[in-house]
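Only the coordinates and a few stated rules stand behind these numbers; no lab work does. Small disclaimer: the values here were computed from a predicted structure and weren't measured.
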Amino acid sequence: MSVTADTPQGSPAERIKRCAFNAERLVAVLSTLADRIDQARANGNQELLDHYTKEFQKASLKFMGNVEALLDDYYLIKGKRRSRIANEPLEPAELEEIYSSVKAMIDLLPPEPRPEDSLEPPRRTSPPKGRLDVKG
């Protein structure tokens, strides 16, 4: 599917911002899942290990898709054709230019409000007052 300059999903710059925001959230999800995989492995729970490994693979694919979309839109903004050769490395100067451009775009925006059902873990409440130790 080719991407045009302006699609119903917004301009390339808007899509870059959205992809960067999604990638940031997915990094947090990947970190949480990696911790859960380590814990399941340490506890010897193969069922949980398999489950979290599959979830990690799904989140990894989503992350890679976001990075691909981000690069596609970046090249579209710059008016360059992006090669589809899988092993084509980007030049260090090109990587730095992409990073600084995307960072500048993100820094211009105020943080987006997060919906109640976001991927963040629930916030912990403060412990109840009083003694919590149990004697027995």
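Applied to region 14-23, the Karplus parametrisation 6.51 cos²θ - 1.76 cosθ + 1.60 on θ = phi - 60° returns per-residue 3J(HN,Hα) values of 5, 5, 4, 4, 5, 5, 5, 4, 5, 5 Hz, with x for Gly and Pro.
Using 27 Å as the Cα-Cα cut-off, could you pick out the over-long pairs in 58/78; 17/80; 54/78; 54/80? Walk me through the numbers on the way to the answer.
Details: 58/78 31 Å; 17/80 19 Å; 54/78 36 Å; 54/80 36 Å.
Correct reply: 58/78; 54/78; 54/80.
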